[in-house]
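Take a look at the structure below.
Bear in mind that the values in this text are calculations on the coordinates, not laboratory data. Computed from a predicted model, the values in this text were never measured in an experiment. Every residue, glycine among them, receives a Cβ derived from its backbone with ideal geometry; neighbour counts consider all protein chains shown.
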Amino acid sequence: MLSETATVGGIFSLAPLVVFIPLAGMIFNMLFGGRLSQKLVGGIASAASGLTFVIAVLLGVALYNQHGEPVVVPFLEWIHIGAFQVDWAFRVDTLSVTMMLVVAGVGTLIHVYSVGYMHEDVIHQGDPSRFRRFFVFMNLFIAMMMILVIGDSYLMLFVGWEGVGLCSYLLIGFWYEKGENGIGNAIAGNKAFIVNRIGDVGMLLAMFTLFWVFGTLTFDEVFELAPEIAATTPAYIGLITLFMLVGVTGKSAQIPLYVWLPDAMAGPTPVSALIHAATMVTAGVYLIARSAPLYTLVPESQNVVALVGGLTAFFAATIAVGQNDIKKVLAYSTVSQLGFMVAAVGMGAFVAGMFHLVSHAFFKALLFLASGSVIQGMERGHHLEHHAHEHDLKPRKKKSKEPPFDPQDMRNMGGLAGRMRTTYWVYIVGALALAGIPPLSGFFSKDEILLEASHLNTTVYILLTIAAFFTAFYMGRQVWMVFLGQPRSAAAEKAEESPAVMTLPLIILAVLAFFGGLLNLPGPHTFGHWLEYTFEAFHLEMETLPFSLPVALISTLLAVVGILLAWMFYGRQPLEKGQEDPLRGILGWIFTGMQRKWWVDEIYHFLFVNPYIQLSHVFAEYVDWRFWHDWFHEVVLAGSFNQFARFLNFRIDAGIIDRIANGLGNGTQQIAGQMRQIQTGYVRNYALSLFLGVVLIVGYILLR
Amino acid sequence: MNFFLHPLTMVTFSPLIGVLVLLFINREQKNAIRWVALTTSLVTFGISLWVFAQFDASNPDLQLVIRLPWIQVSSWLIEYHMAVDGLSILLILLTTLLTPISILSTWTAIEERVKDFMIFFLLLEVGMVGVFLSQDLFLFYIFWEFTLVPMYFLIGIWGGPNRIYAAIKFFLYTMAGSILMLLAILWLGIQQGTFNVPDLVAMGGIPADIQLWLFIAFAAAFAIKVPMWPLHSWLPDAHVEAPTAGSVILAGVLLKLGTYGFLRFNIPLFPDAAVRAAPVIAVLAVIGILYGAMVSFAQKDVKKLVAYSSVSHLGFVMLGLFALNSQGVQGAILQMVNHGLSTGALFLLVGMIYERRHTRDMDAFGGLWKVMPVYGLITLIVSLSSMGLPGLNGFVGEFTILLGAWGAGNPGGILGSYWFAGLAALGVILAAIYILYMFQKLFLGPLTKDENRNLKDLNWREVVTLVPLLVLIFWIGLYPAPFFGVMAPAVEKVVAVFQTVAVAGLP
């Protein structure tokens, strides 16, 4: 096997630490965090994440020094049954190291940011004791994500896959007593977990098929055998790759399972940035890139994947246009951008997909964290405003009549650029990167996907290009609604900038989002060559397409037009307080559709959720209880026995049960008495007749 | 070896010493009674570890055999024949572990007639261990029926408001199934001339048609016990009415008597019938998985929810057993243990909240995580184990079962269709639905009920009851190798027959 050619030792023996360091941070905070200050708790968690990043860098350097030769570090025997042999083993190659760097790098910045963000959030939400729990979950997430990306087999990947899903569930429902009717957040968590489980069944079926066809779940072995099996039974590989796609649509929020991701915004904003934008949701992209040697063997599957990605990119972008919640816009944008990545890896453009994954991690984490800064800025403004009103007469009464203030509603914002300078500038960087304006990172990574699409799949190319146009438009709309024009609420007037512990990570991310394109400039293709080490180990040809001016021009032009249009609607005449969105007048019902998310949630409720709930109740109440438990038992079983007994004129009072009871102690007599009163020979008749029946039959057999 | 000093005799009957001591203690000295019972069960657990230490995991055959003549009826000899092998050793350890845990859980929950309770409880342990060790069909039957009596009284005396009904139903349903098994046992004894299980297996040679009838007769007893759909309607009654400790043992061990019976008797004794019955059993198992999960989701009473989840979980076990390959059967045995740990722990947790609030209606709760963080965390871990989260025990069992069932699903294989494993895999989704629903109803949302505001978190005794289960939940999830290692040779021996069957493509 390829991996065994490299000797495991030196730096590589550190590989398991990327899992154990964050785990240690988590356990430490769990055990002792209660007695420590918030800064210390957050500091320890951040340090754990930061140290993990250092290990990832060391692994990367060591890997570079041996020309990207993959290394597998065995750790512990896991499940061995007959031919099924899977161990805990850590795989270090350029692909896994890339993911580790992104996860731990962006993760550390978000940890640091969270120290500031959660300090305020726990006060707003009214439970400062939960500060520690947040960092416990965050460290657990880093550990699980590391298992996902460093696992040497599909089964180990799956442990991380569901593990990060658990963390996602826990963090979405972090404020589990909040949200709609006090339960909204918890239900959003449930939704995320359950929808992901649907995808996970796809993963399970993929693994079952893999094992029974390939006889193994270890990456190296599967990929070595793949060409051979493709030659004889390609249908199996087609099936495996499509089953995996089901998993991808769950975890990476693609049609038809994307519906959980927008609801996941119920989690604290750093969670949205880390889990629901930068890292976890890209796991599906990673999975397909990892499984490149399988996907490339079945073009039919590749087409399906690419189409799912393209459609998602387009569809989610339209919804993003109609949202008023600052985080919801970003959420649908994330779904859309994940569509870009999935389309890319689906077409076989693995480098482009991974490149976009990395640059997206920078700018989308930036945008989410900056939106968190905006939200808390609004909260601070609201708080000041509230204090000012404290001097008014009867402020309480007035408050109860008004709908609760929503610091995430962009219609309440406006003009924040003046009050939150840093947040504004980094937001602009993030928005331009996302819109794909050169020379920011998003331009290069998105352009590479479009370039590949223009060669490989025209349908997908068109879908993605339109999506790119929408992207620029909704980001322009957001920037103007949030930062420019005049404040549309008292809170926005008094909004305040966030502290340095939050703005510093923002600035670092802004730098990364700005210069991230340097990773893989057309020409040197540094990132591409780095990843090729992994892909070429399995004889995958990674051809790099030459830079195409038309493709770049079209996408840039469309982005500029999108921004200009946004300016026309939201910039030239900024939205007034209470004013209807100008798009409604122009688009009419289409805008309503965008706003209402094309009623997909309602359709799913009608088609799946409600029928399931009703069917369960019918089963439980009528089929299982009234029919089977009551009617069948009482009427058919007990009733017919009683008829039978009456027919034979049974008059038995041998008291078998009583005697057993008596023999066991005085106390039981009492209960036997109780039973006698209630049952009047019911059980005795049964038991005795059964017993007599046995004696008769046994007697017959023995004496015949 | 001497009868009394043989390790298997000791592990089976050592609880009787405790019973004997208890008879001489004044019934008012409740704490003394509790300590005697707990000590006895811990000693028994110690003896079971001693048995395990003498057990050779690499040996596929029966070990520590003790075989003494017992009753001679004309030419038929009933023997005191006990032995242990890879199929039973883990279940014995599970039984001897869950017994002290259950006793510890009754410390404050059982205040009435503590002495009688403990006597019944220790007698129950004798019966359960005896079932797992018996290698003589008649001896097995005696232990099998014997387990009914203490459980009948545990439910009937210390149960909930509807306990008499539940106890009788439990007794009669199980008894009704056992009658058919008794007939089959007698038939085997008469026709084959022995009740000795290993001899019967080695003899073989039962015509396929008759095998099927015998298979059905045995299956009747075991399927009710498991319980397989649709024979489960005694289960919710028994579980809901039973005291917590009774539910723990009922779910943790008594249900396993059924699945173990299939593995020990049905499959090796009637291999041809097993192959023919496999698809039918798999259908019932898959229905049980999905139906149990759906019905579970629609419950209002949290204990009933957990009870119905057993129907779903045991469906997985049955599916794994009748995949008749190493992955399926090993997964099934592990899942028997897993279910004992996870569902046992769930019943303990339900009991703990019931002791505080005297209700199990999920609408009476909500937001408990805030007032009972430790309780919340432990329930979360156990719930996740129950729904099969990777890294915890449930996943290893479910995954290997489904893997085995998928492998048996290839055309011409034992099950002959991928649909069994495919549909069963949907149970993974449904499990998440009812488990998360339960967790949400109990722990999430705002704390609205005043009665819940001052609930006390778990005390030390309660945590101690749960810790061993938690340790095993993680241990099996992360490093199941020793558990598989213990059972592997014995399972290989059982399934070896079917690998040739599957290849030859029998009907």
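For the stretch B:3-500, what does the relative contact order come out to in percent, with C-alpha contacts under 8 Å and a separation of six or more? Numbers along the way, then the final one.
On the way: 878 pairs, mean separation 76.5, N = 498.
Computed value for the stretch B:3-500: 15 percent relative contact order.
R0 = 30 Å: FRET efficiency of A:Val609 with A:Asp406, Cβ-based, nearest 0.05? Don't jump to the answer; show the numbers that get you there.
Values: r = 26 Å, r/R0 = 0.87.
My answer for the efficiency is 0.70.
Report the local net charge at B:Ala490: Lys and Arg +1, Asp and Glu -1, summed over other residues whose C-beta lies under 14 Å from its C-beta. Before the final figure, lay out the partial values.
On the way: positive: B:Arg264, B:Lys493; negative: B:Asp56, B:Asp61, B:Asp85, B:Glu492.
Combined, the nearby Lys, Arg, Asp and Glu give -2.
Given a cut-off of under 8 Å on Cα pairs at least six residues apart, what relative contact order in percent is computed for the stretch A:249-371?
Working: 188 pairs, mean separation 41.7, N = 123.
Computed value for the stretch A:249-371: 34 percent relative contact order.
Once the convex hull of the C-alpha atoms of chain A is built, how many Å³ does it hold per residue, rounded to a whole number?
Values: hull volume 179.0 nm³, N = 704.
Roughly 254 Å³ of hull volume per residue.
For chain B, I need the span (max minus min coordinate) of the C-alpha atoms along each principal axis, in Å, sorted largest to smallest.
On the principal axes, chain B reaches 68, 57, 41 Å in Cα extent.
Rounded to the nearest 20 debye, what is the charge dipole size of the protein assembly as shown about its Cα centre when +1 sits on each Lys and Arg Cβ and -1 on each Asp and Glu Cβ?
Values: 65 positive and 74 negative charges, 668 e Å.
Using only the charged Cβ atoms, the result is roughly 3220 debye.
For the pair A:Ala638 and B:Trp70, how long in nm is the line joining their label points, each one 7 Å along Cα→Cβ?
The answer from the label model is 3.5 nm.
Sort the stretch A:547-621 into rounded, prolate or oblate with this rule: let a ≥ b ≥ c be the square roots of the eigenvalues of the Cα gyration tensor; rounded if a/c is under 1.5, and if a/c is not under 1.5, prolate when a/b is larger than b/c, oblate otherwise.
It is oblate, given that a/c is not under 1.5 and a/b is not larger than b/c.
So for chain A, averaging the separation of alpha carbon pairs under 8 Å that are six or more residues apart and normalising by length, what relative contact order in percent results?
On the way: 1123 pairs, mean separation 80.7, N = 704.
This gives 11 percent for chain A.
By count of other Cβ within 10 Å, fewest leading, how are B:Glu145, A:Glu580 ordered? Please report the intermediate quantities before stating the final value.
Details: B:Glu145 17, A:Glu580 9.
Ascending number of Cβ neighbours within 10 Å: A:Glu580, B:Glu145.
Give me a comma-separated list of calculated 3J(HN,Hα) values for the stretch A:484-491, in order, Karplus coefficients 6.51, -1.76, 1.60 applied at θ = phi - 60°, integers in Hz, x for any Gly or Pro.
So the Karplus estimates, Gly and Pro as x, are 10, x, 9, x, 9, 8, 4, 4 Hz.
So if I restrict to the alpha-carbon atoms in the stretch A:407-516, what is the Rg, and what is Dmax, the biggest pairwise distance, in Å?
Reported Rg and Dmax, both Å: 16.5, 52.
For the protein assembly as shown, what is the Kirkwood estimate of the hydrodynamic radius, computed as the reciprocal of the mean inverse distance between distinct Cα atoms, to one decimal in Å? Mind dumping the intermediate values first?
On the way: mean 1/r = 0.0311 Å⁻¹.
In the protein assembly as shown this quantity evaluates to 32.2 Å.
Does anything in the stretch B:80-115 have its amide N under 20 Å from the 7 Å Cα→Cβ label point of B:Gln54, and if so which residues?
Those under the cut-off are B:80-97.
With each run of n ≥ 4 DSSP H residues scored as -39500 (n - 2.57), what mean residue ellipticity at 222 nm is computed for chain B after dividing by its residue count and rounding to the nearest 500 deg cm²/dmol? The partial results should precede the final answer.
Details: 20 runs with 356 residues, N = 507.
Computed mean residue ellipticity for chain B: -23500 deg cm²/dmol.
Starting from the alpha-carbon convex hull of the stretch B:120-232, give the projected area averaged over all orientations, in nm². It would help to have the intermediate numbers written out before the result.
Numbers: hull surface 29.9 nm².
Quarter of the Cα hull surface area: 7.5 nm².
Report the local net charge at A:Gln376: Lys and Arg +1, Asp and Glu -1, summed over other residues whose C-beta lies under 14 Å from its C-beta. If you can, show how the numbers build up before the last one.
Details: positive: A:Lys327, A:Arg380, A:Arg419, A:Lys494; negative: A:Glu120, A:Asp121, A:Glu379, A:Asp406, A:Glu496, A:Glu497.
Computed value for this residue: -2.
Which FRET efficiency value, to the nearest 0.05, do you get for B:Phe474 and B:Phe4 by plugging their Cβ-Cβ distance into 1/(1 + (r/R0)^6) with R0 = 41 Å? Intermediate results must be reported in sequence, preceding the final value.
Details: r = 38 Å, r/R0 = 0.94.
Computed FRET efficiency for B:Phe474 and B:Phe4 comes out at 0.60.
Quick check: the distance between the Cα centres of the stretch A:467-529 and the stretch A:200-228, to the nearest angstrom?
So the two Cα centres are separated by 41 Å.
Take the alpha-carbon centre of the stretch B:164-226, take the same for the stretch A:278-317, and report the distance between them in whole Å.
Cα centres, the stretch B:164-226 to the stretch A:278-317: 54 Å.
Could you let me know the centre-to-centre spacing of the stretch A:22-65 and the stretch A:437-453, using Cα atoms, in angstrom?
The stretch A:22-65 and the stretch A:437-453 have Cα centres spaced 34 Å from each other.
Using the Cα centre of chain A as the reference point, and only Cβ charges (+1 on K/R, -1 on D/E), how large is the resulting charge dipole? Debye, rounded to the nearest 20.
Values: 40 positive and 48 negative charges, 495 e Å.
That gives a dipole near 2380 debye.
Can you give me the distance in nm between label points at B:Ile210 and B:Lys300, each placed 7 Å from the Cα along the Cα-to-Cβ direction?
5.5
What helices in chain B pass both tests, a Cα length along the helix axis of 27 Å or more and a mean Kyte hydropathy of -0.5 or higher, using whole DSSP H runs?
Details: long enough: B:30-54 (36 Å, 0.91); B:114-133 (29 Å, 1.99); B:137-158 (32 Å, 1.74); B:163-192 (42 Å, 1.36); B:271-297 (38 Å, 1.68); B:302-321 (29 Å, 1.15); B:326-357 (45 Å, 0.48); B:419-443 (36 Å, 1.77); B:481-504 (33 Å, 1.47).
Correct list, ordered by number: B:30-54, B:114-133, B:137-158, B:163-192, B:271-297, B:302-321, B:326-357, B:419-443, B:481-504.
Given the Cα-Cα distance of A:Val560 and A:Thr458 and 0.36 nm per residue of separation, how much length would full extension add, in nm? Let's see the in-between values first.
Numbers: separation 102, 0.36 × 102 = 36.72 nm, distance 2.25 nm.
Difference between extended and current length: 34.5 nm.
Using only the alpha-carbon atoms, how far is helix A:38-65 inclined from the longest principal axis of chain A? Give it as 0 to 90 degrees, nearest 10.
It is inclined by approximately 70 degrees.
Rank A:Ala468, B:Val329, B:Asn162 by how far each Cα sits towards the positive end of the charge dipole of the protein assembly as shown (+1 on Lys, Arg Cβ; -1 on Asp, Glu Cβ) and give me just the farthest.
Of the listed residues, the answer is B:Asn162.
Order of A:Val618, A:Val149, A:Val358 from fewest to most other C-beta atoms within 10 Å?
Details: A:Val618 14, A:Val149 26, A:Val358 23.
Neighbour counts put them in this order, fewest first: A:Val618, A:Val358, A:Val149.
Counting each DSSP H run of 4 or more residues in chain A as -39500 (n - 2.57), what helix-only mean residue ellipticity at 222 nm follows after dividing by all residues, to the nearest 500 deg cm²/dmol?
Details: 32 runs with 481 residues, N = 704.
Helices in chain A give a 222 nm mean residue ellipticity of -22500 deg cm²/dmol.
As an exercise, use a Förster radius of 45 Å and the Cβ-Cβ distance of A:Leu40 and B:Ala481 to find the FRET efficiency, rounded to the nearest 0.05.
On the way: r = 38 Å, r/R0 = 0.85.
Calculated transfer efficiency: 0.70.
Taking other Cβ within 10 Å of each residue's Cβ, how do A:Phe75, A:Phe608, A:Phe193 sort, fewest first? Could the numbers behind the result be given before it?
Working: A:Phe75 15, A:Phe608 11, A:Phe193 26.
With the fewest neighbours first, A:Phe75, A:Phe608, A:Phe193 line up as A:Phe608, A:Phe75, A:Phe193.
Out of residues 5 or more away from A:Phe90 or on other chains, whose amide H comes under 5 Å of its own, with H placed 1.01 Å from N in the peptide plane?
A:Val73, A:Phe75
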